[in-house]
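The values are calculated or read from the model by the stated rules, or taken from the named source; none is laboratory data. Small disclaimer: the values here were computed from a predicted structure and weren't measured. Note: ideal-geometry Cβ built from the backbone for every residue, glycine included; neighbour counts use all protein chains shown. Protein only, heavy atoms only, side chains kept; ligands, DNA and RNA dropped before computing areas. Shrake-Rupley method; radii C 1.70, N 1.55, O 1.52, S 1.80 Å.
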Amino acid sequence: MKSFVRISLAMFVVTFSVLSQQKARIPTPSEFLGFPLGADRQLADYRQIVAYFKALDNASDRVELQNMGVTTLGNDFIVAAISSEENLKNKKKYQEISRRTHDPRGLSEAETSALIKEGKVILLVTCNIHSTEIAASQMAMEWAHALATAEDEKTKRWLNEVILLLVPSLNPDGQIMVTEWYKKNLGTKYEGGRMPWLYHHYVGHDNNRDWYMLTQKETKAMNRVAYFEWFPHVWLDEHQMGAVGPRIFVPPYSNPVAATLHPIIWRVLDHIGTLMSWRLEQERKQGVIYGYSYDAYWPGGTKNTGWFKNVIGLLTEVASVRIATPIEISPTELESNRKGLYGYTQQINFPNPWPGGMWRLRDIIDYELTASSALLESNAVHREDILRATLMMVQDNIKSGNPAEYYRIAMDQRDPNAAARLAHLIRENGAGVSVTPDKKSFLIPTAQPYARFLQEHLGIQRYPKVRPSTGSNIIPPYDITAWSLPLMLGVAIDRVMLSENEKKSLRPIADSDWPQGSLENETAPVFAVSHASNNVTKLLNDLSKKKASVALSREAFSSGGRTFPAGTALIDNHAELNNLAKKYNLTLSGLSTRPQIASDKLREVRVGLYKPWAASMDEGWTRWVLEQYEFNLKNIENKDVKAGNLNSTYDAIVFPDVDREVILEGKPKREEGQMKYFEELPPEYAGGITKDGAKNLKDFVEKGGTLIAMASSADFVIDEFNIPVQNTLARATSEQFNCPGSILRVHVNPSHPVTYGLPHEVGAFQNERIAYQTSLHGGELSHNVLAWYPKDAEDILLSGWISGEERLARRTAAVALTYGRGKIVLLGFRVQHRAQTEGTFKFLFNAIHWAGLSESK
């Protein structure tokens, strides 16, 4: 027996020694990469980061890697679950507990209490959504290694209480772009400088503005993992900010606060943020600030949208360097002119200002590590409190609604596809959506866990007028002030009361719940479809590529006892038409004979989208939207415009929302008193189209091309072309007019080719100083006012906030002109803002199609 014990003990010692050696062999990030992590001018790209996390996954029982899918450019999109070995073995159990605490309907108090006792905090930490804010992608490796190898009881206790979901980059494609650009320019005067293109293939910095619209692959994947698989209780998004102010922002946030949100959110994150500040100060890390710049109002970002979905959402922002190149900041260069700190000086929310000096990538990583560790600590220590806070929010949300009351989205409206789109979007966001037995309506219960999300996004917004002192101006918004989904999609909703029997008859929404496309009278020689649905644009583009016969009616007409509006598409019977009707969820009406009315034939339009080297998010969003709607699209660059002969390649050229100075010179607009310095790009990316390019654009239009200018780019067209249009707000100050992203009422003339299918009134998204005044002119051109603001200023604002709205009254919002043999369209508001304003997409789509119309014979 003693011999057996000795042998067993010896085997245990050998086994323990081998396991210890294996753990010791888990390489540090620096060993794995071959350079010190965080060293000056050294970066790991995303592929190396993924390889390192795979190595951790293979070597440690505390790390489990999940591929959330592929990114826009085809890279793996990973999240690492980091916790105790026991927790990861039982992860499905803890996912289910988290799901049930996020939706406790049907559970007794005893059952919810048991879940809280047993559950773990699901802590989501996302890094590097903005790719130039690159330090967190490096920090993630070091933090993961520390947690995977720690043997101290404190860390092991934390990992037993919390399951950490760590995303090293929310924008892998951009991380690779930035790293490659940085390494390419090392040792040159462009080292650490900006890229001439977006750091997300489509949306650049706006990838953190997509969290309720869910348009991009990365947003969709993270949304699915967060709200359908793991149900996090706390979400930290790690960012960087400007270099010359505070060193790090941690919560609490600044004013204003969204009235619909549960107050427990702010109590919990205030506690977490205070512990972050405490730990940073203990480590003698100076320059920590709270209550600064970043507000608790706007719902568009990662953690912001989470607030409305019962998640404690936090933000950190650390001062930047030039990617990985250190900077030296003189005390005289330290400044701040943002709410919470006007002037770089000590105050209660900024008690220990950083004095200046050298600032390095390693400093950013160290600050992020301390804040992240404090986050983990607070979540572990207050595990039950955090789970109870989540339960409290959810239960109060459910109680805030009426169990018998539902939002109703009826299918019987102008665009049934838009109605279905809204319903499916609400479901994709995680809220419950049902369908009536007759499939004629979508119904959304007001009494559900996401009640506050629904109140916010299905209602209208009024920006809170918070003043820091009596008589002062209101605190300005951080971002936009309106996000009403029904207004932006052009969908009517109402509320209805249901009986218990009616509620029982409902079923959950299914992926197939869209309008059923079909052909009425399949053997008819010609089919008609109203232009009201955005999906008609997809149909027309598809048919144009197939060289099918398509025309648009210039006027309303009647056939078979039905009336069709101007702009109705008339399509000759086609072998694939039935399949296309089903594909695009459209009902096409068969006509016994072609109506004897004036119409214009539509051919495929070759579209050029201007792409400046001062990277434009609006260009990226426009490109994404036009690709989704199957336009024949290619980018047009400065060299292409300067080369001329544009008509040989393009029928329509679209200028996104880009300043006149960027178009002509490649340099941003500078206001009076602003520093004129502009960091140069390499020569091949420098400059704009110049005056020669402007002349070539005139030639393009005069020879029959169509030029479409959106928002601020219209100032370029007004200045360079001799047209009878003036922007009356071009010289207005922000004190005279301010509309920082609101939805405004606009009247529409739907009888013009650019406005076919639009209603007489739309909600137009406006965030710039633009209002047109047209005037009489000679016979060399003609113009049509497409859209205009109401005559009474008080009727203009639909959702958001505006100051100086009287300056919009009776002004033109969009105008179309003929110019030589060509056409010009000026769209004075954001018709495709962040791919969210689907109700006004048609202004752009139809303007493009106008370039392909010719009179039918």
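Structure above, values below:
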item: Solvent-accessible area of residue 487 with every protein chain in place, 1.4 Å probe, in Å² to the nearest 10; result: 50 Å²
item: Residue 93 versus residue 579: modelled label distance in nm, points set 7 Å from Cα along the beta carbon direction; result: 5.2 nm
item: Paired Rg and Dmax values of the chain, which use every Cα atom, in angstrom; result: 29.0, 113
item: Over 31 Å (Cα to Cα) - which of 93/154; 184/639; 220/639; 120/217 fall in this group; result: 220/639
item: Pairwise FRET efficiency - residue 335 versus residue 188, Cβ, R0 = 30 Å, nearest 0.05; result: 0.55
item: Residue-span extension gain [residue 86 to residue 117] - 0.36 nm each, minus C-alpha spacing; result: 9.5 nm
item: Extension gain, residue 284 back to residue 518 (0.36 nm per residue minus Cα-Cα distance, nm); result: 77.3 nm
item: Point-to-point label distance, residue 54-residue 630, nm (Cα→Cβ direction, 7 Å offset); result: 3.8 nm
item: Interchain or long-range residues, amide H under 5 Å from residue 703's placed H; result: 821
item: Lys, Arg +1 and Asp, Glu -1 on Cβ, resulting dipole of segment 394-550 about Cα centre, debye, nearest 20; result: 360 debye
item: Sequence-separation-based contact order of the chain, relative, with Cα cut under 8 Å and 6+ spacing, percent; result: 10 percent
item: Segment 585-688: chymotrypsin sites (Phe, Trp or Tyr not before Pro) in DSSP coil with no more than 10 other Cβ atoms inside 10 Å; result: 677
item: Loop-located GluC sites (Glu not before Pro) in segment 133-192 whose Cβ has at most 12 other Cβ within 10 Å (DSSP); result: 151
item: Where labels lie 7 Å past Cα in the beta-carbon direction, separation of residue 152 and residue 107 in nm; result: 3.4 nm
item: Proximal lysines to residue 504, defined as alpha-carbon separation beneath 29 angstrom and excluding residues fewer than eight positions away on the same chain; result: 309, 399, 439, 440
item: Order by protection proxy (mean Cβ within 10 Å, highest first), peptides 536-548, 443-455; result: 443-455, 536-548
item: J(HN,Hα) series, segment 214-221, from Karplus relation 6.51 cos²θ - 1.76 cosθ + 1.60, nearest Hz, glycine and proline x; result: 6, 8, 9, 4, 5, 5, 4, 5
item: Phi-based couplings in Hz for segment 614-622 (Karplus 6.51, -1.76, 1.60; Gly and Pro marked x); result: 7, 3, 10, 5, 5, 4, x, 4, 4
item: Set of aspartates and glutamates with alpha-carbon distance to residue 791 below 16 Å, sequence-local pairs under 8 removed; result: 761, 805, 806
item: Net length gained if the chain between residue 547 and residue 228 were fully extended (0.36 nm per residue, minus Cα distance); result: 110.5 nm
item: Under Karplus coefficients 6.51, -1.76 and 1.60, residue-wise ³J(HN,Hα) of segment 741-746 in Hz, glycine/proline x; result: x, 10, 9, 10, 6, 9
item: Segment 251-372: relative contact order in percent, alpha carbon pairs under 8 Å with at least 6 residues between; result: 31 percent
item: Segment 719-771, dipole about Cα centre (Lys/Arg Cβ +1, Asp/Glu Cβ -1), debye to the nearest 20; result: 120 debye
item: Rounded if a/c under 1.5, otherwise prolate or oblate - segment 703-805, Cα gyration tensor axes; result: oblate
item: Sites residue 67 and residue 776 - FRET efficiency at Förster radius 60 Å, r taken between beta-carbons, to 0.05; result: 0.45
item: Nearest 10 degrees, 0 to 90: helix 361-381 Cα axis against the chain principal axis; result: 70 degrees
item: Of the GluC sites (Glu not before Pro) in segment 713-799, those whose Cβ has at most 10 other Cβ within 10 Å and which sit in DSSP loop; result: 735, 780
item: Area of residue 217 that stays accessible when all protein chains are in place (1.4 Å probe, Å², to 10); result: 110 Å²
item: MRE, 222 nm, helices only [DSSP H, n ≥ 4, -39500 (n - 2.57), over the chain, to nearest 500]; result: -10000 deg cm²/dmol
item: Cut-off 19 Å, label 7 Å out along Cα→Cβ of residue 492, residues of segment 746-768 by amide N; result: 746-750, 757-764
item: Estimated FRET transfer efficiency when R0 is 25 angstrom, pair residue 405-residue 511 (beta carbons, to 0.05); result: 0.40
item: Segment 379-423 residues near the modelled residue 438 label - backbone nitrogen below 16 Å, point 7 Å along Cα→Cβ; result: 408-413
item: Residue 798 long-range amide H proximity, modeled H, under 5 Å; result: 743, 744, 745
